[in-house]
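A quick write-up on the structure given underneath.
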Amino acid sequence: MKVILARDLQAASERVAEANRNRFRQHGVLAINLMGSPGAGKTALLEATLPRLHPRYGCTVVEGDIATTRDGERIAALGVPVVQLNTGGACHLDPAMVARALEELPGGGRLLFVENVGNLVCPAEVDIGTDRTVVVFSVTEGPDKPEKYPLAFSRADAVVLSKVDLLPHLDLRREDFLDVLGRCAPAAAVFPVSARTGEGVDAWCAWIEAQVTNQYSHPPGEG
Ligand SMILES: Nc1nc2c(ncn2[C@@H]2O[C@H](COP(=O)(O)OP(=O)(O)OP(=O)(O)O)[C@@H](O)[C@H]2O)c(=O)[nH]1
Ligand SMILES: [Mg+2]
């Protein structure tokens, strides 16, 4: 009887993630994994970000959803190359799905955004080979969430505190969020952003540009 161990499958997944990472290195691409709860504002953030960065860097997008091409259509409407992945039920992307999507995207771009399936738990557990992890966390979710869902926040390179235009309508202060993020995402850069008003989008885009510079200002292999 053939026995297949989960740890061997896990090792295989890690090898594919590493291959994705090597591919990004070879092509001079910085890849960002965007994760967050359903409806946190991931696609809206991309809609605010891509018009600024696509002309300068050449962006591509992988959209991950359980079903529908709605988010892919929103990105395509911006004129940015996009592949829509439908997991059919799986609550996160895996590195093989991302590798398959990369085959469909044109080369030459410097920035790849992967919008993971809306979920604050499972995507944080799976390395898909991206260079940076960003959590989009909306003020309507409440400031207790980083403590209740710690993994995503503890591993984030940046947290976008989204929908800050809604704060005046909530019984919550911006400081309530910043305090908890300071504890739960101590290594993360935090960007209060409103995709609706444009507040904070400059600082967020400047951080992305700094990541590209940082990644590729070193000789290959040392970056
Ligand atoms: N007021 C306000 N609403 C926003 C903002 N960003 C997103 N929204 C709204 O929040 C809802 C969800 O936004 P999406 O961008 O689709 O969220 P998402 O995280 O991509 O959702 P999934 O891909 O389904 O997980 C939409 O109705 C947006 O219009 C914002 O900055 N301010
Ligand atoms: Mg979306």
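Read the figures in this text as sums done on the coordinates, not as results from a lab. Everything numeric in this text was worked out from a predicted model, so none of it was measured. Glycine also receives a Cβ, built like all others from the backbone with ideal geometry; neighbour counts cover every protein chain displayed.
Brief remarks follow.
- In order along region 140-156, the phi-based Karplus estimate (6.51 cos²θ - 1.76 cosθ + 1.60, θ = phi - 60°) of 3J(HN,Hα) comes to 6, 7, x, x, 7, 5, x, 7, 7, 10, x, 4, 4, 6, 5, 9, 6 Hz; Gly and Pro are listed as x.
- Likely footprinting exposure, Ile66, Ile32, fewest C-beta neighbours within 10 Å first: Ile66, Ile32
- Take the Cα of Asp179, step 7 Å toward its Cβ, do the same at Glu73, and the gap between the two points is 4.4 nm.
- Dimensionless Rg ratio for region 13-213, taking C-alpha atoms and the 2.2 N^0.38 Å reference: 0.96
- Helix axis angle, 174-184 relative to the chain longest principal axis, alpha carbon, degrees: 40
- Residues in region 8-45 that a label on Cys122 would reach, taking backbone N under 16 Å of a point 7 Å out along Cα→Cβ: 10, 35-39
- As a rough guide to protection, the peptides 10-23, 92-105, 116-129 ranked by mean Cβ packing within 10 Å, highest first, stand as 116-129, 92-105, 10-23.
- Angle between the chain longest axis and helix 201-216 axis [Cα atoms, degrees, rounded to 10]: 30
- Distance (nanometres) between label positions extended 7 Å along Cα→Cβ at Ile66 and Leu105: 2.5
- Region 150-200 and region 24-45 have Cα centres separated by 17 Å.
- The chain: calculated mean residue ellipticity at 222 nm from DSSP helix runs of at least 4, using -39500 (n - 2.57): -12000 deg cm²/dmol
- Taking 7 Å steps out from each Cα toward its Cβ at Thr87 and Gln26 produces label points 2.7 nm apart.
- The angle between the Cα long axis of helix 42-57 and the main principal axis of the chain comes to about 70°, on a 0 to 90 degree scale.
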